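Participant: Supplied in structure tokens, the structure appears directly below.
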Amino acid sequence: MVAHAGSLGLRLLADRTGLTNELSKAKTRCSFAPVHDRGRELVDVAVMIADGGEAITDIDVLRHQSSVLGPVASPPTVWRTPDEVIPGRLQKIATARARVRRHVWHSSSAGCPRPRPQGPTLAPRWCSMSTPPS
């Protein structure tokens, strides 16, 4: 269980930044109400991959953590999710990701101080050149 401790953090990050909600809106279809939210499924697949998953059936690792993560779709349900990504919907997903990325970068640049290196800094030899060596 310790090896999968980061799953919750990734899932919460997607929720708190608004990514899950934006993906859900991008995957909405008229007159269709799925049992599992399709945006949540995309986030869960991303978390599964980050957690070392290599196949859709690896989603069961997250399902075994349902007491912490909440409901996670079954492998057959997750298999249907990529089939629903048609070119128009793919553009909506890309737009949703860009919107969330812009929001996160704007929020973090206003509230986070720029990092300062500690200790001596070493300048690369090519600092005085107009372009770095290749």
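Participant: I want to check the label-to-label distance for Arg89 and Lys25. Put each point 7 Å from Cα in the C-beta direction and report it in nm to one decimal.
Facilitator: In this crude label model, Arg89 to Lys25 measures out at 1.8 nm.
Participant: To the nearest 10 square angstrom, what accessible area does Arg101 show with a 1.4 Å probe?
Facilitator: Its accessible surface works out to 110 Å², give or take rounding.
Participant: How large, in percent, is the carbon and sulfur part of the accessible surface of segment 15-99 at a probe radius of 1.4 Å?
Facilitator: The nonpolar share, carbon plus sulfur, comes to 57 percent.
Participant: At a 10 angstrom cut-off on C-beta neighbours, averaged per residue, how do the peptides 12-22, 81-91 rank from highest to lowest?
Facilitator: Result, highest mean Cβ count within 10 Å first: 12-22, 81-91.
The values are calculated or read from the model by the stated rules, or taken from the named source; none is laboratory data. Computed from a predicted model, the values in this text were never measured in an experiment. Here the Cβ is made from the backbone with ideal geometry for all residues, glycine too, and neighbour counts use every protein chain on show. Only protein heavy atoms, including side chains, enter the accessible area calculation; ligands, DNA and RNA are left aside. Shrake-Rupley method; radii C 1.70, N 1.55, O 1.52, S 1.80 Å.
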